[in-house]
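Worksheet: one structure, shown below.
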Amino acid sequence: MTRKYFINKYKQLFWYFKPQNLNAMSDEVLVEFVLNYGDWQAFKDLIKTMGVEKTAAIFKQNSKKKRSNYYPEIVNYYQLFFKHYASGDSR
């Protein structure tokens with residue numbers, strides 16, 4: 001699945017962006033919106049599109065920031081998920 005196809009398929013998740021700016025969003029924002037607002041199928045498609053290692057690295061980097069946009073329960077769940085399924089520790 002290409003990034004452009006993924007964004008078009010799940011464009012309702014990216015309510016914050018104007019339609020003409022969707023494909024210009026960063027990978028960090030893409031991961032954040034899917035983890036916070038997407039369902040399990042959107043997450044699985046994100047993994048198919050970006051790969052589990054890249055998604056885990058982006059999540060790890062952004063969830064550690066002092067001011068993070070991830071919900072606390074999302075941080076907890078995906079820390080555990082990526083610790084199990086990605087080769088690097090996501091904490």
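The values are calculated or read from the model by the stated rules, or taken from the named source; none is laboratory data. Owing to the predicted nature of the structure, the values given are computational and were not obtained by experimental measurement. Don't worry about glycine lacking a Cβ; one is built from the backbone with ideal geometry, like all the others, and counts go over all protein chains shown.
Numerical summary
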| item | result |
| --- | --- |
| Subset tally (residues that are surrounded by 11 or more Cβ atoms within 10 Å (Cβ to Cβ) and either outside any loop (DSSP other than H, G, I, E, B) or touching a residue at least 40 places away in the same chain (Cβ under 8 Å) (or both)) for the range 62-87 | 13 |
| Any pair with Cβ under 8 angstrom, 6 or more apart, that starts in the range 29-55 at a residue that is without any contact (Cβ under 8 Å) to a residue 12 or more places away in the chain and ends at one that is surrounded by fewer than 18 Cβ atoms within 10 Å (Cβ to Cβ) and not β-branched (Val, Ile, Thr) | none |
| Unique residue being among the basic types (Lys, Arg) and surrounded by fewer than 12 Cβ atoms within 10 Å (Cβ to Cβ) when the list is Lys9, Lys54, Lys48 | Lys48 |
| Test: residue in the range 18-27 that is buried (at least 18 other Cβ atoms within 10 Å of the Cβ) and in a helix (DSSP H, G or I) | no |
| Unmet requirement for Phe59, which otherwise passes all of (1) crowded, with 16+ Cβ neighbours inside 10 Å; (2) more than 15 Å from Phe82 (Cβ to Cβ); (3) aromatic (Phe, Trp, Tyr) | (2) |
| The lone exception for Ser90 - which of (1) modelled with pLDDT of 95 or more; (2) assigned to a loop (DSSP other than H, G, I, E, B) it fails | (1) |
